[in-house]
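Encoded as structure tokens, the structure appears first; notes follow it.
The values are calculated or read from the model by the stated rules, or taken from the named source; none is laboratory data. No experiment lies behind these values; they were computed from the predicted model shown. Cβ atoms come from the backbone with ideal geometry, glycine included; neighbour counts cover every protein chain shown.
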Amino acid sequence: MRVAVVGATGLVGSVMLRVLEERNFPVDELIPAASEKSVGKTVKFKGKDVKVCSVAEAVKRKPSVAIFSAGSTASKEWAPRFAEVGTTVIDNSSCWRMYPEIPLVVPEVNAHVLKPEHKIIANPNCSTIQLVVAINPLHLKYRIKRIVISTYQSVTGTGVKAVNQLFAERKGEEADMVYPHPIDLNCLPHGGTFLESGYTTEEQKLIDETRKIIGDQKIMVSPTVVRVPVIGGHSESVNVEFENDFDIKDVVEVLSKSPGIVVQDEPATNHYPMPRFAEGKDEVFVGRIRRDDSQPRSLNLWVVADNLRKGAATNAVQIAEYLNSKGWLQ
Ligand code: 2RA
């Protein structure tokens, strides 16, 4: 199969290449594509150096699937061009996520919405992906009424320049400021850009995308996104109020048996999810599972995942695997 990775030289793009290799996705020909400034560079794939081409060139080669992590502007311009030649696009930017006709997919939750005619498919925001993997199994059993979520998001979610700012600050060196403030030894209650509402774009994504993926526009979501000096993954403190009551033992059993979830919840031995140990893994780690005694039918959870993997690259490749299993890729 001819597979294009658009944005192949970026942080998420390079993880997409690793995940395609690790999961043995049937790539006969890799087409790494990037902006003009990267054309001619090479990327490593299956032990070989593969030359990076322009996005226009990638379209000409009519790949079966094109996995994008190149920002919304590039997706807006090029995703339709790939679709016109029969390529299925899986886009990691926010560009297409809220279009009603575009599926927004986390395979463990809503792969059933995919159809063979879908030629542009949106990969959700990283913080949304780990949230819905963790809470959807509970929604199916107890019906979610309201979610209060605080996220502790890795600097890798902003990109390589943010990682460089963190480590430059840590070494006491002059840092190119990606954030408006120092990030080392600090927390920024600011993800994306501020909206008129006082919320940020990262917070709005948690509201809009969660409702779309779970398929219930009545779910109330109250988000706070925080950027923290961490590189391994995103962490989330989640409080969920259900329509129906639950038994904690049942909750743990439901989570333990749900796809994509690893329960790490043994307070007696300080065993709980942490981004430092989630890094490089594809599961969503759930712990600190406990009833919220201050509110009926409510539960607290702690959810951690590698935002570059399950939060982006692996979820996109899992969508491609699903489409391939159905025979829906040209
Ligand atoms: C962030 N979720 O962490 C964004 C990246 N897609 O900034």
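State whether one or more residues within the range 101-109 are surrounded by fewer than 19 Cβ atoms within 10 Å (Cβ to Cβ), free of Cβ contacts under 8 Å to residues at least 12 places away in the same chain and more than 16 Å from the ligand (Cβ to nearest atom).
yes
Given the conditions (1) part of a strand (DSSP E or B); (2) under 29 Å from Pro80 (Cβ atoms); (3) within 14 Å of the ligand (Cβ to nearest atom); (4) of a type outside the set (Asp, Glu), and given that Ile149 satisfies all but one, which numbered condition is not satisfied?
(2)
Pro182 is checked against (1) part of a loop (DSSP other than H, G, I, E, B); (2) surrounded by 18 or more Cβ atoms within 10 Å (Cβ to Cβ); (3) of a type outside the set (Asp, Glu); (4) free of Cβ contacts under 8 Å to residues at least 40 places away in the same chain and fails just one. What number does that condition carry?
(2)
Of the residues that sit in the range 79-100 and are part of a loop (DSSP other than H, G, I, E, B) and either in contact (Cβ under 8 Å) with a residue 40 or more places away in the chain or not assigned by TED's automatic domain parsing to the domain that holds Glu57 (or both), which one is surrounded by the most Cβ atoms within 10 Å (Cβ to Cβ)?
Pass one, the range 79-100, residues part of a loop (DSSP other than H, G, I, E, B): 85-87, 92-100.
Add one more test, that the residue is either in contact (Cβ under 8 Å) with a residue 40 or more places away in the chain or not assigned by TED's automatic domain parsing to the domain that holds Glu57 (or both), and what stays is 86-87, 92, 94, 97-98.
Values: Gly86: 12, Thr87: 24, Asn92: 28, Ser94: 21, Arg97: 22, Met98: 14.
Step by step, filter the range 79-100, then rank; the result is Asn92.
Which members of the range 2-33 meet the condition of being under 25 Å from Gly233 (Cβ atoms) and among the hydrophobic types (A, V, I, L, M, F, W, C)?
Val5, Val6, Ala8, Leu11, Val12, Val15, Met16, Leu17, Val19, Leu20, Phe25
With the checklist (1) within 16 Å of the ligand (Cβ to nearest atom); (2) exposed (fewer than 14 other Cβ atoms within 10 Å of the Cβ) in hand, flag the one item Glu173 doesn't pass.
Only one criterion is unmet by Glu173, namely (1).
Could you list all residues from the range 112-134 that are more than 15 Å from the chain's Cα centre (by Cα) and either part of a helix (DSSP H, G or I) or not basic (Lys, Arg) (or both)? It would help to see each step written out before you state the result.
At the first step, the residues of the range 112-134 found to be more than 15 Å from the chain's Cα centre (by Cα) are 112-120.
Those that are more than 15 Å from the chain's Cα centre (by Cα) and either part of a helix (DSSP H, G or I) or not basic (Lys, Arg) (or both): His112, Val113, Leu114, Pro116, Glu117, His118, Ile120.
Go through the residues of the range 125-136 one by one and say whether even a single one is away from the ligand (no atom under 16 Å from the Cβ), among the hydrophobic types (A, V, I, L, M, F, W, C) and closer than 30 Å to Lys257 by Cβ.
As a first pass, look at the range 125-136 and keep what is away from the ligand (no atom under 16 Å from the Cβ): 134-136.
Imposing the further condition that a residue be among the hydrophobic types (A, V, I, L, M, F, W, C) reduces the set to 134-135.
Right, trim to closer than 30 Å to Lys257 by Cβ and you get 134-135.
The answer is yes, given that some residue of the range 125-136 is away from the ligand (no atom under 16 Å from the Cβ), among the hydrophobic types (A, V, I, L, M, F, W, C) and closer than 30 Å to Lys257 by Cβ.
For the subset of the range 1-18 comprising residues that are more than 16 Å from the ligand (Cβ to nearest atom) and not in a loop (DSSP other than H, G, I, E, B), which member is farthest from Ala70 (Cα to Cα)? It would help to see each step written out before you state the result.
Taking the range 1-18 first, the residues more than 16 Å from the ligand (Cβ to nearest atom) are 1-5, 8-9, 17-18.
Then keep just the ones that are not in a loop (DSSP other than H, G, I, E, B); that gives 2-5, 17-18.
Details: Arg2: 19, Val3: 16, Ala4: 12, Val5: 9, Leu17: 14, Arg18: 17 Å.
Filtering first and then ranking leaves Arg2.
With the requirement that a residue be aliphatic (A, V, I, L, M) and closer than 13 Å to Ser72 by Cα, what does the range 92-119 give you? Give the steps one after another, and end with the answer.
Going residue by residue through the range 92-119, those that are aliphatic (A, V, I, L, M) are 98, 102, 104-106, 109, 111, 113-114.
Listed by number, the list holds a single entry, Met98.
With respect to Glu169, determine if the residue is charged (D, E, K, R), without any contact (Cβ under 8 Å) to a residue 40 or more places away in the chain and assigned to a loop (DSSP other than H, G, I, E, B).
Working: charged (D, E, K, R): yes; without any contact (Cβ under 8 Å) to a residue 40 or more places away in the chain: yes; assigned to a loop (DSSP other than H, G, I, E, B): no.
When the stated conditions are applied, Glu169 does not pass them.
Pairs, please: C-beta under 7 Å, at least 6 apart or cross-chain, first residue farther than 17 Å from Lys281 by Cα and in the range 14-34, second aromatic (Phe, Trp, Tyr) and assigned to a strand (DSSP E or B)?
Filtered contacts from the range 14-34: Leu30/Phe45.
Sort out which residues of the range 204-259 are in contact (Cβ under 8 Å) with a residue 12 or more places away in the chain, assigned to a helix (DSSP H, G or I) and away from the ligand (no atom under 13 Å from the Cβ), and write them in order of number.
Residues satisfying the conditions are Ile207, Asp208, Thr210, Lys212, Ile213, Ile214, Ile248, Asp250, Val251, Val252, Val254, Leu255.
Please determine whether any residue of the range 226-245 is out of contact with any His (no Cβ under 6 Å at 6 or more places or on another chain), closer than 23 Å to Ser298 by Cα and of a type in the set (Ser, Thr, Tyr).
yes
What single numbered condition from (1) surrounded by 16 or more Cβ atoms within 10 Å (Cβ to Cβ); (2) part of a helix (DSSP H, G or I); (3) away from the ligand (no atom under 16 Å from the Cβ) fails to hold for Phe277?
So Phe277 meets the others, but not (1).
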